[in-house]
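Here the structure is laid out as structure tokens; the discussion comes afterwards.
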Amino acid sequence: MTDRLYYHDSFLYDFDAEVLECTDGPRSALFLDRTAFYPTSGGQVFDTGVIATESGKLRVVEVADAEDGRVVHYLEVPPKDIKPGAKIHGQIDRTRRRDHMQQHTGQHVLSAAFIRLFNLPTVSFHMGDDYCSIDLDTPTLTRTQVEEAERLANEIILENRPVAIRFVTRDEAGKLGLRKIPVTDRDELRIIDIRDFDLSACGGTHVNQTGQIGCVMLRKTEKVRQGWRVEFIAGQRAVAMARRDYTTLTETAGLFSAHIYDVPQQTRKSLDEIRSLRKQREQSLEELAAAQATALLAEASETNGRRLVVRTFADRDMSFLKLLAQKLTRLSKNTVTLLGTTSPQPSLVFAQSAGQTCDMGALMNETLAKLGGRGGGSNDMAQGGLPTAEGIEAALQHASAALNPS
Ligand SMILES: [Zn+2]
């Protein structure tokens, strides 16, 4: 068993130890007689740092609990000449550790606040790179509950209450009334005691006074299988996130030349404008298609009892072609129309008035086969997309010739 120095002092960033074993395996790893490095457990993620030996510095990239109860330090690169018995000096990354202490102790305070106020127990804790989260065992969670828990947690932080580490027996722990009952067969339990606010068994690293948490900020909440998930961040991480949010909001406000608090109102206004413009545009296109259809039909001559309208556009999309085809085939009972557009996306639309006897789907398939496009349709209406605008005009002439064999 490794002597875990962090059990007694979370602020111990430097320590001396002796190498017990150095393994090569798939990953190089060091086992020490004692360590201040925290291994991933109980929702809290591992420490990183360096281990100085006589032959140089080794970077610790991950720390884990081995099955035999020892702490394993994974190294970035295999060490040279490290023998059991070698003396080392360990240094953990202070910034990372302090952040973990803030998040983790913040979680204790927050979980206790949800219990105190609403009797909502925390069933799990997750610490990620961006944010942390707790899962509450509850079918419902309101915005007011979230805000009240956040307020109480920050009051406890502001009161700067002592956070003590106590070691007690299972029996003693039973009488103390812990918030969290640990699943372990060990007789001695490590208790984190936030004065007159929370008692829970935990093996993680915590601050000494609640003031060192800085603050707790609650963010997204979502319904999950086992209840409600509450995302939160504490301390410096909360400040960094607030800074990032502010930057994003300021950039958005700049686009509207508005104050940041007016962004929702401005966004709503812009979306309303977009919806209204879209409607106007649809109406204009309808009118344009109707006018164009009338003009095209006026100049179309009748052959074999059919009015054939063949036209290629340079700047219409497929939906306009379909709209125009619809107008053409409805305005006149004997229309057959072959439409194409070269941009923005080269496309074809073939259509005929109801009751006409050509096969638009078959004609489209033949034409697409020549041009290497994809599409299809029914007897009365067919459409297709083309890889390039090249050859559209010639293909339409060819198709129209097929309809009116001379
Ligand atoms: Zn803890």
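The values are calculated or read from the model by the stated rules, or taken from the named source; none is laboratory data. For clarity, every value in this text was computed on a predicted model and none was experimentally measured. No Cβ is skipped: glycine too gets one built from the backbone with ideal geometry, and neighbour counts run over all protein chains shown. Please note that ligands, DNA and RNA were not included when accessible areas were found on the heavy atoms of the full protein model with its side chains. Shrake-Rupley method; radii C 1.70, N 1.55, O 1.52, S 1.80 Å.
With contacts taken as Cα pairs under 8 Å and at least 6 residues apart, region 294-406 reaches a relative contact order of 23 percent. Estimated at 0.36 nm per residue, the fully extended path between Gln236 and Lys57 surpasses their Cα-Cα distance by 61.6 nm. Inter-part distance, region 159-196 to region 76-103, computed on C-alpha centroids, equals 28 Å. Annotation: the antiparallel percentage among DSSP beta bridges lying fully within region 253-406 is about 70.
Put a plus charge on the Cβ of each Lys and Arg, a minus charge on the Cβ of each Asp and Glu, and nothing anywhere else: the dipole of region 260-342 about its Cα centre is then about 300 debye. Loop sites by DSSP among the GluC sites (Glu not before Pro) of the chain, restricted to those with at most 10 other Cβ atoms within 10 angstrom, leave 68-406 as the longest stretch without any of them. Toward the positive end of the charge dipole of the chain, with +1 on the Cβ of Lys and Arg and -1 on the Cβ of Asp and Glu, the farthest Cα among His89, Gln265, Asn404 is that of Asn404. Using +1 at the C-beta of Lys and Arg and -1 at the C-beta of Asp and Glu, which of Ala240, Pro182, Thr250 has the Cα lying farthest in the positive direction of the dipole of region 172-263? Among Ala240, Pro182, Thr250, the one farthest towards the positive end of the dipole of region 172-263 is Thr250.
Spatially close Lys pairs in the chain, defined by Cα atoms under 18 Å apart and a spacing of eight or more places or different chains, total 6. Solvent exposure of region 149-207, expressed per residue, is 55 Å² of accessible area, with all protein chains present and a 1.4 angstrom probe. Spacing of the modelled spin labels on Leu255 and Phe167, each 7 Å from Cα toward Cβ, amounts to 5.7 nm.
Averaging the sequence gap over all C-alpha pairs within less than 8 Å and six or more residues apart, then dividing by the number of residues, gives region 221-369 a relative contact order of 14 percent.
Around the amide H of Tyr38, modelled in the peptide plane, lie the amide H atoms of Asp47, all under 5 Å away and 5 or more residues distant in sequence or on another chain.
Computed from backbone phi with θ = phi - 60° and the Karplus coefficients 6.51, -1.76 and 1.60, the 3J(HN,Hα) list for region 7-24 is 4, 9, 8, 6, 9, 7, 9, 10, 7, 9, 7, 10, 6, 9, 7, 10, 10, 8 Hz; x is used for glycine and proline. Residues whose amide H comes within less than 5 Å of that of Gln209, counting only those at least five positions distant or on another chain, are Val163 (H built at 1.01 Å from N in the peptide plane). Taking the DSSP beta bridges with both ends in the chain, the antiparallel portion is around 90 percent. Distance between the 7 Å Cα→Cβ label points at Gln283 and Val263: 3.4 nm. Residues of the chain were split at every exposed loop site, defined as trypsin sites (Lys or Arg not before Pro) in a DSSP loop with at most 16 other C-beta atoms within 10 angstrom, and the longest piece left, sites excluded, is 226-332.
About the Cα centre, and with charges only on the beta carbon of Lys, Arg (+1) and Asp, Glu (-1), how big is the dipole of region 232-378? Nearest 20 debye, please. The calculation lands at about 240 debye. Label positions at Thr247 and Lys175, each projected 7 Å from the Cα along the C-beta direction, are separated by 5.5 nm.
For region 189-199, the Karplus equation 6.51 cos²θ - 1.76 cosθ + 1.60, evaluated at θ = phi - 60°, returns couplings of 10, 9, 10, 9, 10, 8, 3, 6, 9, 8, 10 Hz by residue, with Gly and Pro reported as x. Backbone amide hydrogens, once placed in the peptide plane, bring Arg316 within less than 5 Å of Thr342, Ser343, excluding anything fewer than 5 places away on its chain. Projection of the Cα convex hull of region 1-142, averaged over all directions and equal to a quarter of that hull's surface, yields 10.0 nm².
Charged side chains reduced to their Cβ positions (Lys and Arg at +1, Asp and Glu at -1) give the chain a dipole of some 1240 debye around its Cα centre. Given their separation in residues at 0.36 nm each and the Cα-Cα distance between them, Ser41 and Ser270 gain 77.6 nm when the chain is fully extended.
For region 365-372, 3J(HN,Hα) computed residue by residue from phi via the Karplus equation (6.51, -1.76, 1.60; θ = phi - 60°) reads 4, 4, 5, 5, 4, 5, 9, x Hz, glycine and proline entered as x.
Please name whichever of Thr335, Val63, Gln44 sits farthest to the positive end of the charge dipole of the chain, dipole taken about the Cα centre and charges placed at Cβ: Lys and Arg +1, Asp and Glu -1. Result: Thr335, furthest along the dipole toward the positive end.
Relative contact order of the chain, taken over Cα pairs closer than 8 Å and 6 or more residues apart, is 10 percent. Expressed as a whole percent, the accessible surface of the chain that belongs to carbon and sulfur atoms is 49, based on a 1.4 Å probe.
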